[in-house]
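Notes for the one structure printed next.
The values are calculated or read from the model by the stated rules, or taken from the named source; none is laboratory data. Note that this is a predicted model, so its numbers are computed, not measured. Cβ atoms come from the backbone with ideal geometry, glycine included; neighbour counts cover every protein chain shown. Accessible surface areas use protein heavy atoms only, side chains included; no ligands, DNA or RNA. Shrake-Rupley method; radii C 1.70, N 1.55, O 1.52, S 1.80 Å.
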Amino acid sequence: MASFGHTFDASTVEPTTAFEILPPGQYLVQVVASEMRVTRDGLGQYLYLELDILEGPYAGHKLFDRLNLVNPNPDAVQIAQRSLSALCRAAGRMQVSNSEQLHLIPIRVDVKVRPPKGEYGESNSIRYVVENAAPAAVPPPTAPAATARPAPTAAQSTLPWKRQG
């Protein structure tokens, strides 16, 4: 038992509500909190990210992401690493050793609505938008075709300081 030291009056405080599902679209956000947490089964760890929406009608709302960076399933790890790579690129930080290096940097995310699954209701999924990224499979530029130049005239073929003029 835990004593509050006073009587708590629930009628004076708004209760928590279920998380609001945001409509699909792009949002400007920033990471405001992050930490490594142990997975429910205890066999792995995920990077928990809390993001604040910075503008628009949903400014001040929160989004959350979980990146399974330590997991016995290599596919889960690869998906998480790709998401972390996109987050780093969106933030302009190509090498990080601590998740706090990604905090408070405005980035864009693409939000989708994930349908209910098992015991969980609808939820938002997010993808980090890497702006100004070159497409992955762009062939290297080819050298411009050599254009035939006219042969220099006698006046052009002499060095400028030797020309009579």
Query - Table column - 3J(HN,Hα) (Hz), region 80-85, Karplus curve with 6.51, -1.76, 1.60, x for Gly and Pro - result: 5, 5, 5, 5, 5, 4
**Report entry** Coil-residue GluC sites (Glu not before Pro) of region 1-104, DSSP, other Cβ within 10 Å capped at 14
**Finding:** Glu20, Glu55
Query - Whole-Å semi-axes of the ellipsoid equivalent to region 80-120 (Cα gyration tensor, √5λ, descending) - result: 26, 12, 10
Requested in this report: Would you check the accessible area of Val130, probe 1.4 Å, heavy atoms only, in square angstrom rounded to 10?
Outcome: 50 Å²
Query - Table column - 3J(HN,Hα) (Hz), region 91-103, Karplus curve with 6.51, -1.76, 1.60, x for Gly and Pro - result: 7, x, 10, 7, 9, 10, 10, 8, 5, 5, 5, 9, 6
**Report entry** Whole-number percent relative contact order across region 55-117, with pairs defined as alpha carbons under 8 Å at least 6 apart
**Finding:** 18 percent
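Largest first, what is the accessible-area ranking of Ile53, Ile21, Ile79 with a 1.4 Å probe? Don't skip to the answer; put the middle values down first.
On the way: Ile53 5, Ile21 55, Ile79 110 Å².
Of Ile53, Ile21, Ile79, the descending order of accessible area is Ile79, Ile21, Ile53.
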Query raised in the report: Out of every Cα-Cα pair in region 1-132, what percent are more than 24 Å apart?
Result: 39 percent
